Amino acid sequence: LNDNIARAQDYMKRFREQGVLNHINGESVPADSGKTFETISPVDLSTLAHVAHGGASDIDRAVQAAEKAFKTWSKTPGKERRAILIKVAEAIEARAEEIAFIECMDTGQSLRFMSKAAIRGAANFRFFADRAPQAEDGQALRNETQMNVTSKRPLGPVGVITPWNTPFMLSTWKIAPALASGCTVVHKPAEFSPMTARLLVEIAEEAGLPEGVLNLVNGMGEDAGKALTEHPGIKAIAFVGESRTGQMIMAQAAPTLKRFHFELGGKNPVIVFEDADIERAVNAASFMIYSLNGERCTSSSRLLVHESIYEEVTRRVADIANGVKVGHPLDPDTVVGPLIHPEHEEKVLSYFDKAREEGATIAAGGEKVGTEGCFIRPTLFTNARNDMTIAQEEIFGPVLTAIPFKDEEEALRLANDTQYGLAAYLWTNDLDRAMRLTDELEAGMIWVNSENVRHLPSPFGGVKSSGIGRDGGDWSFDFYMETVNVSFPR
Ligand code: NAD
């Protein structure tokens with residue numbers, strides 16, 4: 001651990017000394033206002049770096065750079081875009097340790113997951129790079145009088161606004177397909193974890209991405225983020241964050257008629273029937289809530305269990321929760337690191353009081369660990385009902401609410417009784433039941449007898465308050481490209 005901390009300090013030295021700058025038109029620059037804000041370590045609340053505090057004028061310059069670069073990047077043949085983006089993937093792999101170490105310190109998420117997330121970032125670049133040469137392909141549609149030729153064109157400069165959880169990987173998931181499509185990007189990362197976005201733009205330009213194609217403006221949501229969503233030069237906003245922020249962005253961007261892709265909150269059910277492989281279901285449900293600090297949009301935060309196995313399942317999950325190692329994010333044995341920020345920790349802790357007030361039982365955890373930093377114990381609430389706040393609101397921490405059900409009908413009703421609809425997990429060995437339920441579950445993504453395993457060509461996204469639109473595979477290209485039809489007479 002001490003060796004890892006020393007290496008992380010080395011990696012972060014230049015950010016400590018020079019700050020985290022914006023990056024506009026190939027140049028690293030401070031905010032126009034000269035202002036900065038601090039990013040802190042959730043381990044001990046020490047300042048990691050001062051970050052450029054951008055606003056509307058920085059966004060405007062970044063959009064101008066993206067508009068200028070769009071003229072050439074959008075005309076760069078797909079094969080050439082592919083070659084550059086593959087180099088970006090290779091450069092990410094080469095610096096994966098640096099990315100992971102810095103991300104651990106900036107977010108509190110543990111190394112065992114962040115090292116994989118950095119590599120996933122490279123995989124995202126490779127995957128979308130490979131599709132760049134065919135991105136503009138369309139089809140011909142013919143009838144007696146017309147020949148219609150459809151093809152796709154990149155949309156223009158786009159805005160990417162990302163949250164603080166798994167920030168590097170999530171940024172690549174948006175930025176790689178935008179660049180593969182021929183769009184240029186202005187990225188506004190989350191203010192709680194801005195450091196690895198800075199690495200991404202640096203890595204991308206060193207790998208050959210032309211200046212102005214990817215621009216970075218740090219700042220708060222209410223100024224830099226808002227200005228990006230309102231800018232007429234930005235044709236689409238890819239946003240990942242809270243549902244209520246999505247509502248604000250939609251209103252802010254309405255006057256300039258932008259395209260949106262929203263990946264928002266979740267309160268995802270994992271439904272375990274009595275005929276399921278209980279061991280696997282318990283392990284998967286625990287993994288999906290106690291990995292990545294539970295700060296993941298697809299976490300299985302509601303455990304719905306058939307009443308006949310409720311005692312056994314919740315006892316086993318409580319045992320797992322009690323055994324999870326909470327510790328320094330750079331300790332290779334740590335599973336749960338500190339939550340991102342004291343403000344977020346306060347929010348998560350407030351649900352422990354809420355659970356007690358509402359009459360749920362705290363079967364594991366339910367308390368802070370130590371006095372320094374944002375560490376809390378992995379938590380399980382039992383004796384809960386679905387109408388309790390702890391079952392309705394997204395807590396976004398390692399906190400699971402377990403609710404029993406009597407039969408299939410009740411399981412379905414409880415699963416769907418939420419404003420969210422991102423993911424659902426279903427555990428049963430009855431194929432007919434699985435078919436019936438997957439037809440009725442209100443979720444954009446359903447995993448049967450599995451935790452969240454991603455297949456990059458498949459669609460990702462939610463229904464209800466969990467989002468609008470899909471990305472992944474061709475869906476990403478549909479979002480970042482405009483389909484144009486040309487009709488010829490016959
Ligand atoms: P957030 O909504 O507070 O912030 C996300 C980003 O939006 C930040 O960069 C922030 O600065 C910016 N922002 C805030 N207000 C803005 C405004 N008015 N205009 C423009 N930009 C603005 O979310 P967060 O707390 O950083 O992240 C956690 C949330 O993200 C959770 O709800 C989680 O479920 C969600 N999330 C969803 C997915 C998904 O795929 N569905 C993935 C990861 C996280």
query: Which members of the range 256-284 meet the condition of being part of a strand (DSSP E or B), farther than 26 Å from A434 by Cβ and more than 15 Å from the ligand (Cβ to nearest atom)?
result: R259
message: Being under 11 Å from the mean Cα position of the chain (by Cα) and either in a loop (DSSP other than H, G, I, E, B) or surrounded by 24 or more Cβ atoms within 10 Å (Cβ to Cβ) (or both) is the requirement here; does P177 meet it?
response: no
- prompt: Which of the following residues is crowded, with 24+ Cβ neighbours inside 10 Å and within 16 Å of the ligand (Cβ to nearest atom): V217, V213?
  reply: V217
- line: The residue that is nearest to V160 (Cα to Cα), considering only those in the range 233-255 that are near the ligand (Cβ under 9 Å from one of its atoms) and assigned to a loop (DSSP other than H, G, I, E, B), is G241
field: Filter result for R377 (in contact (Cβ under 8 Å) with a residue 40 or more places away in the chain and of a type in the set (K, R))
entry: yes
query: If you go through the range 61-118, how many residues are of a type in the set (S, T, N, Q) and surrounded by fewer than 24 Cβ atoms within 10 Å (Cβ to Cβ)?
result: 5
field: Identity of the residue in the range 446-458, more than 12 Å from the ligand (Cβ to nearest atom) and assigned to a loop (DSSP other than H, G, I, E, B), that ends up surrounded by the most Cβ atoms within 10 Å (Cβ to Cβ)
entry: E451
message: Cβ contacts < 6 Å: first residue within 13 Å of the ligand (Cβ to nearest atom), restricted to the range 180-199; second residue of a type in the set (D, E, K, R), any location; separation 6+ or different chain. Result?
response: S193/D106
- request: Name the single residue, out of those in the range 101-140 being more than 23 Å from the chain's Cα centre (by Cα), free of Cβ contacts under 8 Å to residues at least 40 places away in the same chain and not in a loop (DSSP other than H, G, I, E, B), that is nearest to D331 (Cα to Cα).
  value: Q139
field: Any pair with Cβ under 8 angstrom, 6 or more apart, that starts in the range 149-174 at a residue that is within 21 Å of P77 (Cα to Cα) and of a type in the set (V, I, T) and ends at one that is in a loop (DSSP other than H, G, I, E, B) and more than 9 Å from the ligand (Cβ to nearest atom)
entry: V149/G138; T150/G138; V158/C183; V158/I234; V158/K235
query: How do the pairs read when you match residues in the range 254-280 that are within 16 Å of K174 (Cα to Cα) and modelled with pLDDT of 95 or more with residues anywhere that are surrounded by fewer than 23 Cβ atoms within 10 Å (Cβ to Cβ) and of a type in the set (S, T, Y), using Cβ under 6 Å and keeping only pairs 6 or more apart or on different chains?
result: L264/S243
message: Any residue that is under 18 Å from M12 (Cα atoms), touching a helix residue (DSSP H, G or I) at 6+ places or on another chain (Cβ under 7 Å) and not charged (D, E, K, R) - is there at least one of those in the range 50-69?
response: no
task: Would you check if M12 is of a type outside the set (D, E, K, R), in contact (Cβ under 8 Å) with a residue 12 or more places away in the chain and buried (at least 23 other Cβ atoms within 10 Å of the Cβ)?
output: no
field: Subset of the range 128-177 [away from the ligand (no atom under 16 Å from the Cβ) and closer than 24 Å to E103 by Cβ]
entry: F128, A129
task: Output yes when any residue across the range 13-24 is modelled with pLDDT of 95 or more, within 29 Å of P342 (Cα to Cα), in a loop (DSSP other than H, G, I, E, B) and over 24 Å from the mean Cα position of the chain (by Cα), and no when none is.
output: yes
message: I'd like the residue in the range 287-314 that is among the charged types (D, E, K, R) and touching a Lys or Arg at 6+ places or on another chain (Cβ under 9 Å) and, out of all such residues, is farthest from I376 (Cα to Cα).
response: E307
statement: Reported set for the range 220-232 where residues are of a type in the set (G, A, S) and either under 25 Å from V88 (Cβ atoms) or more than 16 Å from the ligand (Cβ to nearest atom) (or both) is A224, G225
query: What number of residues within the range 422-445 are part of a loop (DSSP other than H, G, I, E, B) and within 26 Å of the chain's Cα centre (by Cα)?
result: 5
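The values are calculated or read from the model by the stated rules, or taken from the named source; none is laboratory data. Computed from a prediction, not measured in an experiment: that's the story for all the values here. As a convention, Cβ positions derive from the backbone with ideal geometry for all residues, glycine included, and neighbour counts pool all protein chains shown.
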